[in-house]
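The values are calculated or read from the model by the stated rules, or taken from the named source; none is laboratory data. No experiment lies behind these values; they were computed from the predicted model shown. Every residue, glycine among them, receives a Cβ derived from its backbone with ideal geometry; neighbour counts consider all protein chains shown. Keep in mind that these areas ignore ligands, DNA and RNA; they rest on the heavy atoms of the full protein, side chains included. Shrake-Rupley method; radii C 1.70, N 1.55, O 1.52, S 1.80 Å.
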Amino acid sequence: MKCILSTIRSLPGFISLISQLEGKEPIPALGLSRASRLPVSAALQQTLQRPLILLTQKSDRALTLVDELALWAPDDIHLFFPEPTSLFYENAPWGDNTRRERITALSTLAASMIPGALKPPAPIVVAPARALMVRILPRRDFIKASLNLKPGLNTDLVKLC
């Protein structure tokens with residue numbers, strides 16, 4: 001798969017796309033076929049070394065893309081940003097997996113801005129559209145409320161709550 005990604009990175013169209021992205025120019029729709037979107041996305045993320053968000057229509061498609069990314073880019077970080085388990089008008093708690101995966105994705109994206117935190121490599125985040133429509137904590141509040149726990153650190157658990 002790495003040879004396919006290197007071939008993609010050497011294509012003239014890909015090189016011009018990279019220059020447009022680095023120049024912050026508006027980019028028209030690429031018109032990629034469905035089969036080529038994932039390898040081109042993996043090549044983009046590896047070339048730019050910036051977080052990349054792949055937006056899908058449904059959760060099952062997003063989960064499939066996360067699994068397929070392990071083949072295309074095994075060394076990169078792939079995260080799933082799930083949609084809430086309840087509908088927006090329901091006053092029901094979210095599932096534990098949903099909360100954990102959303103916090104993992106958000107903390108990985110915000111890690112470069114958290115003082116004292118290790119800077120992880122740029123991830124590829126795959127999310128269904130509904131997951132991005134749910135309001136989340138503003139980035140500044142999330143970073144201010146984050147705490148970096150290290151082994152051997154004495155912390156009062158009551159103060160953490």
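With a simple spin-label model that places each label point 7 Å from the Cα along the Cα-to-Cβ direction, the separation between L55 and N148 comes to 3.2 nm. Taking the C-alpha atoms only, the angle from helix 34-48 to the longest principal axis of the chain is near 70 degrees.
Modelled this way, with points 7 Å down the Cα-to-C-beta line, the labels at L87 and A110 are 3.0 nm from one another. Rolling a 1.4 angstrom probe over the protein heavy atoms with all chains in place gives region 1-154 an accessible area of 66 Å² per residue. In the chain, the sites counted are trypsin sites (Lys or Arg not before Pro) in DSSP loop states with at most 11 other Cβ atoms within 10 Å, and the longest stretch holding none of them, exclusive of the sites, is 25-134. Counting lysine pairs in the chain whose alpha carbons fall under 25 angstrom apart, excluding pairs fewer than 8 residues apart on the same chain, gives 6. Charged side chains reduced to their Cβ positions (Lys and Arg at +1, Asp and Glu at -1) give the chain a dipole of some 300 debye around its Cα centre. Take the alpha-carbon centre of region 89-161, take the same for region 24-46, and report the distance between them in whole Å. Each part reduced to its Cα centre gives a spacing of 27 Å.
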